Amino acid sequence: MDRTTTQLAHGPDGLTRFGTGVYDPAAPASPAPAGSLHRRAAHVLERNWTGTSTVPSRGLYPHQWSWDSAFIAIGLRHLSPLRAQTELETLLGAQWGDGRIPHIVFNPSVPLDAYFPSPDFWRSSTAGRAVGAPRTVQTSGIVQPPVHALAAWLVHQADPGLSRARAFLPRVYPRLAAWHRYLLHRRDLGGGGLASVVHPWEQGMDNSPCWDAPLSRVPPAPARSFRRADLDHGAPEDRPTDLDYGRYVRLATDYRDRGYEDGPDEGAARRASVEGGGGRRAGRFAVEDPAFNALLIASEHALARIARELGASGTARHARAERLTAALVDRLWDAAEGMFFCRDVGTGVSAGTGTSTGTGTGTGELIPERAVSGLIPLLLPTLPRDLVTALVRTASGPHFGVGGAARLVPSYDLTGEAFDPHRYWRGPSWFNTAWLVERGLRLHGERARADELRGQFLRTAGTSGFAEYVDPYTGEPCGAPGFGWTAALTLDLLHDMDTHDIGTHDIGTHGISDKGGDRG
């Protein structure tokens, strides 16, 4: 542990120097006792630290992952604000010229066969040269959910003095602004104002049943063309199928071979037409996801606060966040089901002609699969009250069982045909999504439900050995042990224990909106 970490973790005032902000609770009155859950979580982060960033796990995920690092920084700020700043700075140092933050930054000391797809698959510095891929570091060419501005604001709040002394926000703000511009301008593939993901890995919930229909249009890469390193670390029955993995590889290969350019892929369309796929966009994966866009909106609010800290008004960014919230509701909300759904904009079907209930003018149809992604917009402070009420009802009902049958929040509908309690993102509970739902419940005044979920989170994190994910019913650990964001978000929720009421802070500028609820 570095000198700063030691002082902050064990010094007389080490765990008290952070303020209130976006989802930012007050500190506990004193450091946690030795041997506690706090110390165990800190040990996981220390073990996974590489010197400049934190790996999700030493075995299965030996590089730096984008949204993992954002969540890890949120927890690290309670141990070492300096290390949390470094975590984000390392990631942003690999940003591309077009603004995208890649989903993996590769560690050159790790053997190529330790993880697939490896740097020699992505070929970022050559295939991505036209869109500004860095030449001195190897990365993937796709992205992950934009939690980064929210993480940067929270890290600043952990120690504003250190942040200002290091000019942390002035250095990261332009990069975060460019990241948001990329998503809002280059990734609005549906034409309705929301960002689309072009690969299941981008949304972060890689193997969700939400992707089954869009992926069915994608011919898989030949099995002989790749070797799955993930099966060296997990049971095949818990991982994506070979067929789905072949489709993941085909999508990534096609994206690479067109130079990581966004927009219509006419080459894929022609290939799909020859193969019998049909329409102009057949064979293309492009989906508007509610969690991805909710995190973009939350981070846009956070960017507004960063702008104000730097002397600007932030008004335009808050206004943009409000427009995005309206677009999210318009395009992805299903009132009859009481939750948000993904929209498949790769189908070329006009809104309103499929299962869509939105009034947007973009293409596509809603994907009627209930996944945890559809609950994440609870994070948004000005979500209309009737939608908040419906989301809480859905979360606590038979489909997700929060506060009832499920220990945490399952990744997929407990009653769905595709539900599997152990298979990757098709039913197991993940700690980062549980944290997001807990923060959303608390934001909208659902304190009893938030307290129950927080308690289950902390108990399950401890008994599972900070597992990557768990069986939603039993809490049985699955995936990698000692997982980075599980430990980090455990620290964040521990710092929400035994404190005074959080109050009524939200991520807007006008206090509590009459559209949402207070944070109590």
Are there any pairs, at least 6 apart or on different chains, whose C-beta atoms fall under 7 Å, with the first in region 452-471 and more than 13 Å from Leu37 (Cα to Cα) and open to solvent by 10 Å² or more (accessible area, probe 1.4 Å) and the second modelled with pLDDT of 95 or more and part of a helix (DSSP H, G or I), and if so, which? Arg454/Glu438; Arg454/Leu493
Selected residue (criterion: surrounded by the fewest Cβ atoms within 10 Å (Cβ to Cβ)) from residues of region 98-123 that are of a type outside the set (Phe, Trp, Tyr), touching a residue at least 60 places away in the same chain (Cβ under 8 Å) and part of a helix (DSSP H, G or I): Asp113
Selection from region 321-376 of residues that are modelled with pLDDT under 95, open to solvent by 50 Å² or more (accessible area, probe 1.4 Å) and in contact with a helix residue (DSSP H, G or I) (Cβ under 7 Å, 6 or more places away or on another chain): Thr359
Anything in region 73-97 that is closer than 21 Å to Ala178 by Cα and either of a type in the set (Val, Ile, Thr) or not in a helix (DSSP H, G or I) (or both)? List them, or say none. Thr86, Thr90, Gly93, Ala94, Gln95, Trp96, Gly97
Single residue of region 422-443 satisfying the filter (open to solvent by 10 Å² or more (accessible area, probe 1.4 Å) and not basic (Lys, Arg)) that is farthest from Pro384 (Cα to Cα): His422
Positions within region 175-197 being open to solvent by less than 10 Å² (accessible area, probe 1.4 Å) and of a type in the set (A, V, I, L, M, F, W, C), in sequence order: Leu176, Ala177, Trp179, Leu183, Leu194, Ala195, Val197
Would you confirm whether or not region 215-233 contains a residue that is open to solvent by less than 10 Å² (accessible area, probe 1.4 Å), in a helix (DSSP H, G or I) and touching a strand residue (DSSP E or B) at 6+ places or on another chain (Cβ under 9 Å)? no
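One line per residue, one yes/no per condition, for (1) in contact with a helix residue (DSSP H, G or I) (Cβ under 7 Å, 6 or more places away or on another chain); (2) surrounded by fewer than 22 Cβ atoms within 10 Å (Cβ to Cβ); (3) modelled with pLDDT of 95 or more:
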residue: Ala41; (1), (2), (3): yes, no, yes
residue: Val44; (1), (2), (3): yes, no, yes
residue: Thr50; (1), (2), (3): no, yes, yes
residue: Val55; (1), (2), (3): yes, no, yes
residue: Arg58; (1), (2), (3): yes, yes, no
residue: Tyr61; (1), (2), (3): no, no, no
residue: Ser66; (1), (2), (3): yes, no, yes
residue: Ile74; (1), (2), (3): yes, no, yes
residue: Arg83; (1), (2), (3): yes, no, yes
Qualifying position, being touching a Gly at 6+ places or on another chain (Cβ under 6 Å) and farther than 23 Å from Asn432 by Cβ, among Arg166, Arg186, Arg181: Arg181
Can you pull out every residue in region 124-155 that is within 23 Å of Phe168 (Cα to Cα) and open to solvent by 30 Å² or more (accessible area, probe 1.4 Å)? Thr136, Val137
Output the residues belonging to region 382-412 that are open to solvent by 10 Å² or more (accessible area, probe 1.4 Å), within 22 Å of Ile297 (Cα to Cα) and part of a loop (DSSP other than H, G, I, E, B). Thr382, Pro384
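The values are calculated or read from the model by the stated rules, or taken from the named source; none is laboratory data. All figures in this text were calculated on a predicted structure; none of them were measured in a lab. We place every Cβ from the backbone using ideal geometry, glycine too, and count neighbours over all the protein chains shown. Just the protein is used for accessible areas: all its heavy atoms, side chains included, with ligands, DNA and RNA removed. Shrake-Rupley method; radii C 1.70, N 1.55, O 1.52, S 1.80 Å.
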